[in-house]
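Undergrad: My structure is below; once you've seen it, I'll send some questions.
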Amino acid sequence: MSKNSIFSGTGVALVTPFRKQDTIDFSKLEELIDHVITSGVDYIVALGTTSEAATMTDSERAALCQFIVECVNGRVPIMLGMGGNNTRAVTDSINHFNFDGISGILSVTPYYNKPQQRGLVQHFKSIADVSPVPIVLYNVPGRTSCNMKAETTLQLAEECPNIIAIKEASGNMSQVMEILRCKPNGFSVISGDDALTYPMIALGASGVISVIANALPKEMSTMVHQALKGDYKKALPLHNAMLPLINAIFEEGNPGGIKALLEIEGRLSNQLRSPLSKVSKTLYNKLSSLYNTFLENK
């Protein structure tokens, strides 16, 4: 398998189960990893936004990463979230990290600083210079207040061979289409929005890094695989069936919605770390109703 194809299909942005004591529930995490892999996901994203990594200590992140590598045990590739708004700190972390079991890194555009586009180029070129594994860019301006423009993505794709893809979560389909139209061969565009995965694959995207796949790994993976094969008639009903749940889990933020849904499924306790909080009772009941409807219509 080439470096450029290891992250095609469905990647799942893993949640981190917590106990009521606010500690990581490693036993529930192991069960979740086994469930998503046996249900057909193609790779796992560790320490992404959905994992609540921003609320963890350095030692917790290291322990979580090691645990995920051991649990996955080579069954699927692992993409590791490794980004920040301090370029030197990110490159130092990469230089001192043990990448055994890690197939690539997901690096978010710097947040809070609001860098210019040339600053983004410098930042990601610095990361590319030191990374021993392929890099997937992550553009999510709704969280970072920084949009990486299509021309910036394309420049990095052309000039840095180990930058192999972008997770596009801007929601700007014109921008997505421009990247897909002009990208070099071998560079991939990955949907960062569950709801837009079907149309993005139709336009040429290589798959999704999915939140809903924590709860619906088989259904999301099946839909993505069908669409990637060009069987859109089979994929569309699955897309439409999942869409109400996909929209609902993001109504009060991520990962609050997906953790509520996972509790409804009986997979883990609906615990989040401050400053995040549980979804409202109204949304919880809505998710429960939508999930029951989804099961009835399967």
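Undergrad: Where nothing but the Cβ of Lys and Arg (+1) and of Asp and Glu (-1) is charged, how large is the charge dipole of the chain around its Cα centre, in debye to the nearest 20?
TA: Using Cβ point charges on Lys, Arg, Asp and Glu, the chain gives about 440 debye.
Undergrad: By average Cβ neighbour count within 10 Å, what is the ranking of 76-82, 16-22 from highest down?
TA: In decreasing order of mean packing, 76-82, 16-22 become 76-82, 16-22.
Undergrad: How many Å³ per residue does the convex hull of the Cα positions in the stretch 103-178 occupy?
TA: Spelled out: Cα convex hull of the stretch 103-178, divided by residues, is 83 Å³.
Undergrad: Moving on. Taking +1 at the Cβ of each Lys and Arg and -1 at the Cβ of each Asp and Glu, which of MET223, ILE164, VAL90 sits farthest along the dipole of the stretch 3-229 towards its positive end, judged by Cα position relative to the Cα centre?
TA: Comparing the listed Cα positions along the dipole, ILE164 ranks first.
Undergrad: Further question on the same structure: Expressed in nm to one decimal, what extension gain is obtained for the pair GLU158 and LYS278 from 0.36 nm per residue of sequence separation less their Cα-Cα distance?
TA: Answer, rounded to one decimal: 38.9 nm.
Undergrad: Label-point separation (nm) for SER27 and ARG75, each offset 7 Å from Cα along Cα-to-Cβ?
TA: Result for the modelled spin labels: 1.9 nm.
Undergrad: Right, next: Mind putting a number on the dipole of the stretch 212-276 about its Cα centre? Charges go on the C-beta only, +1 for Lys and Arg and -1 for Asp and Glu, and I need it in Debye to the nearest 20.
TA: 240 debye
Undergrad: On full extension of the chain, what length is gained from LYS114 through SER59, given 0.36 nm per residue of separation minus the C-alpha to C-alpha distance?
TA: 17.0 nm
Undergrad: Among the DSSP beta bridges whose two residues both lie in the stretch 3-229, what percent are antiparallel, rounded to the nearest 5?
TA: Roughly 5 percent of the beta bridges in the stretch 3-229 run antiparallel, per DSSP.
Undergrad: Let me ask something else about it. Leaving out same-chain residues fewer than 8 places away, which lysines sit with a Cα under 29 Å from that of LYS125?
TA: Of all the lysines, those that pass the test against LYS125 - Cα under 29 Å, at least 8 places apart if same chain - are LYS3, LYS114, LYS149, LYS167, LYS183.
Undergrad: So if I average 1/r over every pair of distinct C-alpha atoms in the chain and take the inverse, what Kirkwood radius in Å does that give?
TA: Value: 19.2 Å, from the Cα pair sum.
Undergrad: Rank by packing, highest mean first: peptides 103-110, 233-240, with packing defined as the count of other Cβ atoms within 10 Å averaged across residues.
TA: 103-110, 233-240
Undergrad: Eight or more residues apart or on different chains, and alpha-carbon atoms under 16 Å: count the Lys pairs in the stretch 225-298 matching that.
TA: Here the count comes out as 5.
Undergrad: What value, in deg cm²/dmol to 500, does the helix sum -39500 (n - 2.57) over DSSP H runs of n ≥ 4 give at 222 nm once divided by the residues of the chain?
TA: After summing the helix terms and dividing by residue count, I get -14000 deg cm²/dmol.
Undergrad: In nm, give the distance between the simple-model label positions of SER269 and GLU151, each being 7 Å from the Cα along the Cα-to-Cβ direction.
TA: Here the answer is 5.3 nm between the modelled labels.
Bear in mind that the values in this text are calculations on the coordinates, not laboratory data. Note that the structure is predicted; figures quoted are calculated from it, not measured. Methodologically, a virtual Cβ is constructed for each residue, glycine included, from the backbone with ideal geometry; neighbour enumeration extends over all protein chains shown.
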